[in-house]
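Each remark here refers to the structure printed beneath this line.
The values are calculated or read from the model by the stated rules, or taken from the named source; none is laboratory data. Small disclaimer: the values here were computed from a predicted structure and weren't measured. Heads up, the Cβs are rebuilt from the backbone with ideal geometry, glycines too, and the neighbour counts pull from every protein chain shown.
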């Protein structure tokens with residue numbers, strides 16, 4: 001009878017290592033404890049600017065939607081909300097996604113999908129109040145994300 005215990009030990013150690021790496025990149029991302037109690041997401045300067053740019057785009061979109069709703073302009077709501085919907089997720093670099101903690105990604109992706117829902121409501125001609133309610137719910141994702149995370153400037157090492 002051939003003994004294969006050492007092989008199983010190596011397989012077990014490698015599996016544990018892969019699980020630990022997967023946990024680090026999928027769940028935790030590239031993070032540290034922030035100086036204000038929030039989780040600091042550690043990104044390269046260009047990655048940080050990409051995330052901040054996306055957030056500014058969502059804020060600008062929200063303002064456009066609020067104005068369009070005030071004018072009962074559901075066509076503009078549909079077009080504007082759709083522009084930052086789930087299709088926008090595909091533009092995020094995979095390397096950057098790996099650095100983002102899982103809950104950050106859930107909030108971000110959830111926000112993009114919610115803008116699809118806002119667009120769908122507007123396209124279906126739902127009452128302005130119903131579209132406003134969905135936008136208000138969506139803004140809770142923004143509030144939660146900003147309450148939980150910060151994007152500090154990380155100094156590059158020469």
field: Top-ranked residue in region 1-59 [being at pLDDT below 65 and within 21 Å of residue 110 (Cβ to Cβ); ranked as surrounded by the fewest Cβ atoms within 10 Å (Cβ to Cβ)]
entry: 27
- prompt: Among the residues of region 94-137 satisfying the criterion of being in a loop (DSSP other than H, G, I, E, B) and under 13 Å from the mean Cα position of the chain (by Cα), which is nearest to residue 47 (Cα to Cα)?
  reply: 100
query: Going by the conditions given, is residue 87 at pLDDT 95 or above and part of a helix (DSSP H, G or I)?
result: no
- prompt: Take the residues of region 138-153 that are loosely packed, with under 13 Cβ neighbours inside 10 Å and farther than 14 Å from residue 59 by Cα: which is farthest from the chain's Cα centre (by Cα)?
  reply: 153
- prompt: Would it be correct to say that residue 65 is at pLDDT 95 or above and either under 17 Å from residue 52 (Cα atoms) or touching a helix residue (DSSP H, G or I) at 6+ places or on another chain (Cβ under 6 Å) (or both)?
  reply: yes
